[in-house]
Every structure is written in structure tokens, then in C-alpha cells.
Amino acid sequence: MELIKQFNLTQFMGAFVVLFAIIDIIGTLPVAINLQHNGRKINPMRASLISLFLFIGFMYAGKAFLGLFNLDISSFAVAGSIIVFIIAMEMVLDIEIFRQNSAIGNDATFTPIVFPLIAGAGSFTTLLSIRSQYNDFNIILAIILNVIIIYVALKMAFKIEKWLSPGVICIFQKAFGIILLSLAVKLFTSNITILIAGIKNF
């Protein structure tokens with residue numbers, strides 16, 4: 001009953017829209033299709049559950065966790081932007097930079113799908129930001145709805161590959177690869193300036 005009283009439709013919708021935009025699962029689909037085309041496997045259910053755990057976990061313990069290693073959000077964002085940049089280069093240039101880890105075989109569920117594409121520096125930073133504006137209960141509901149959408153989208157990605165011709169998939173790969181490059185550069189430059197300013201002030 002107490003939880004129901006905490007529900008606020010405006011806060012819920014606000015948190016959902018912000019998280020949906022920053023997670024950008026639609027933009028992740030071409031990456032998922034490309035990975036599948038290269039023989040990599042993605043488990044939609046596991047990806048969704050891991051994302052849910054990471055979102056809620058980082059929401060409550062993110063700052064404390066990074067603090068254990070004397071890190072801040074900007075450092076985390078710069079590292080994530082580099083990984084996104086490498087993934088984008090693979091898509092645009094049709095090259096393989098990430099090598100398959102023998103321990104996980106050809107499973108791409110966690111890297112790069114969950115991290116950094118779904119649960120990356122941008123979504124983590126956003127969670128910490130909106131928590132100061134919205135009630136936790138409404139944010140958690142928004143996270144759950146986004147995770148459901150993530151599951152459906154990843155599940156559909158395998159069918160989309162069959163529906164579209166190789167030429168169309170290639171066009172999507174290149175287009176979203178360039179978009180990912182742009183996002184990586186933006187994420188890198190906006191956070192590297194913060195780090196440099198911190199060093200100067202140190």
C-alpha cells in the first residue's frame with residue numbers, strides 16, 4: 001500500500017523516457033544483428049536480467065563502488081567511450097578488433113551487448129542524476145519497463161536479420177556504426193575535459 005502511494009505517473013514517465021533515450025536499444029539492434037551475422041550468440045533473457053541487476057545495483061551503489069577504486073564517473077565514461085569507439089570501427093570498416101575469449105566462446109551477451117551498449121557509462125550516469133529528481137520506486141518501475149523492451153527488441157533482432165536482405169543490413173551497420181562513432185567521440189570529449197580540468201585544479 002505504501003509503495004502504491006509512492007507511484008507518480010509524471011515521475012515514472014519522465015524517468016522512463018530519459019532512460020529509454022540514453023539506453024537506445026533501437027540503435028543497439030544493428031550491432032546485435034552484426035554480431036549474430038559473425039557467429040556470435042546473444043541470450044536476450046540473460047542480457048535483460050544482467051542489465052536489470054546492473055541498473056539497480058549501480059543506482060544504489062555506483063558512487064560507492066567507483067570510490068573503492070578511487071574512480072569517478074568521468075573516468076568511467078571515458079573508458080566506456082573507448083570501447084564504444086572500437087565497436088563502431090568494427091561496424092564501419094568490417095574488421096575484427098575484439099577477439100573471442102575462449103572462456104566464454106562466442107557469447108556476446110555481456111560484452112559488448114550489456115556493457116557498454118545497454119548498461120554503459122551514459123545510462124549509469126543518467127541513473128545517478130535522475131535519482132536526485134525522482135522517487136526511487138518510480139525509477140525502478142521505469143527500469144523494469146525498459147528492461148522488458150530490451151528483451152523484446154533483442155528477441156526480435158534475430159528475426160529482423162531474416163526479414164532484411166544482406167544489403168539492407170550492411171547499410172544499417174554502416175549508418176549506426178557512424179552514429180556510434182559520433183556518440184563515442186561526444187562521450188569522450190565531454191568527459192575528458194572534466195578530467196583535465198580536475199588535474200589542473202589538483
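A P(r) calculated from all alpha carbon pairs of region 1-67, with 10 Å bins opening at zero, reads 16, 33, 35, 14, 3 percent. Please compute the contact order of region 2-201 in relative form: average sequence separation of alpha-carbon pairs under 8 Å and at least six residues apart, divided by the residue count, as a percent. That works out to 44 percent.
For Ala15, what charge total do you get from the other residues with a beta carbon under 12 Å from its beta carbon, if Lys and Arg give +1 and Asp and Glu give -1? Within the 12 Å Cβ shell, the charges total 0. Ordering Asn191, Pro30, Ala61 by the projection of their Cα atoms onto the charge dipole of region 2-201, which places +1 on the Cβ of Lys and Arg and -1 on the Cβ of Asp and Glu, puts Pro30 at the extreme positive end. Calculation over all alpha carbon pairs of region 2-201 in 5 angstrom steps from 0 returns a P(r) of 1, 7, 15, 18, 19, 17, 11, 7, 4, 1, 0 percent. Multiplying the residue separation of Phe53 and Val17 by 0.36 nm and removing their Cα-Cα distance gives an extension gain of 11.0 nm.
Each value in this text was obtained by applying a stated rule to the coordinates, not by laboratory testing. Since the model is a prediction, treat every value here as computed from it, not as a measurement. Reconstructed Cβ throughout: ideal geometry from the backbone, glycine too, with neighbour counts over all protein chains shown.
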